[in-house]
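Read through the structure below, which is laid out as structure tokens, and then see the notes.
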Amino acid sequence: TLIPPELTHIHLSPHSGPKDHDDATLLFSLARERQPRRVLELGTAHGATVANICALTNATVYTVNALPEQIGGDLVTFALDQDEIGCVYRKAGYASRVVQIYENTRHFKPEHYIAPGSIDFAIIDACHDADYVVSDFLRIQPVLASNALVLLHDVHPSMKAHLGDSYIACMYLRKLGF
């Protein structure tokens with residue numbers, strides 16, 4: 001089991017939420033093993049995932065989070081103000097390796113910030129409404145490298161709470177051939 005170096009405000013199981021699975025070890029082990037050069041995360045929250053990726057890799061991280069007045073959709077975990085968004089990675093000293101983008105992912109144009117085909121590793125963990133998850137995945141396609149790994153968080157066939165919409169979105173993406 002990989003214990004992430006930064007546990008403050010970590011919103012990944014088993015450190016937060018359900019204890020019956022371990023999202024953190026999988027995500028951070030993949031990041032450490034793959035050593036991506038550029039990471040794209042949709043859904044910064046407090047920035048613990050970014051801080052841990054920075055601690056385990058030398059990647060530049062692009063991370064997107066809506067400010068409270070920009071939030072859309074129904075299945076949103078946090079409505080954080082600008083000082084709260086990314087506070088963990090800034091406190092840990094990684095701000096120079098992070099491009100923080102304050103935007104609703106529905107309006108995010110990744111090509112305005114990121115070169116086409118340059119993202120090696122992506123995490124989709126913003127609004128969990130099915131239409132947002134599908135839109136987020138399709139929206140980032142142009143900036144993904146041909147061998148990019150894309151992780152979608154909060155997806156489980158239990159269909160409980162926000163997991164249901166995320167799961168439906170993943171099944172739709174699979175139907176499209178992804």
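The values are calculated or read from the model by the stated rules, or taken from the named source; none is laboratory data. Bear in mind that the values here come from a model prediction, so they are computed numbers and not experimental data. Every residue, glycine as well, gets a Cβ built from its backbone with ideal geometry; the counts of neighbours run over all protein chains shown. Heads up: the accessible areas ignore ligands, DNA and RNA and are worked out on the full protein's heavy atoms, side chains in. Shrake-Rupley method; radii C 1.70, N 1.55, O 1.52, S 1.80 Å.
Surface listing: SER135, SER146 arranged by accessible area from highest to lowest gives SER146, SER135, probe 1.4 Å. Around the Cα centre of segment 1-112, unit charges on the Cβ atoms of Lys, Arg, Asp and Glu (plus for the first two, minus for the last two) sum to a dipole of about 480 debye.
A simple count of charges around LEU151, restricted to other residues whose Cβ falls under 10 Å of its Cβ and scoring Lys, Arg +1 and Asp, Glu -1, yields -3.
Remark: spin-label model distance LYS19-GLN82 equals 4.0 nm, labels positioned 7 Å along the Cα→Cβ axis. Over all other residues within a Cβ to Cβ distance under 13 Å of PRO36, the charged ones net out to +2, with Lys and Arg as +1 and Asp and Glu as -1.
Computed over protein heavy atoms with a 1.4 angstrom probe, the accessible surface ordering of ASP22, ASP136, largest first, is ASP22, ASP136.
I'd like the carbon and sulfur percentage of the solvent accessible area for segment 59-113, probe radius 1.4 Å, heavy atoms only, ligands and nucleic acids excluded.
Answer for segment 59-113 is 47 percent, counting heavy atoms of protein chains only.
Among the protein heavy atoms, those of VAL133 account for about 10 Å² of accessible surface (1.4 Å probe, every chain in place).
Viscosity 1.002 mPa s, temperature 20 °C: what is the translational diffusion coefficient of the chain from Stokes-Einstein with a Kirkwood Rh over Cα pairs, rounded to a whole number of µm²/s? Here the translational diffusion coefficient equals 133 µm²/s.
Each residue, GLN141 and ILE71, gets one label point 7 Å from its Cα in the Cβ direction; the gap between the two is 3.0 nm.
Per residue, the accessible area of the chain comes to 49 Å², computed with a 1.4 Å probe over protein heavy atoms only.
Between THR8 and LEU26, the distance separating the two model label sites (each 7 Å from Cα on the Cα→Cβ line) works out to 2.8 nm.
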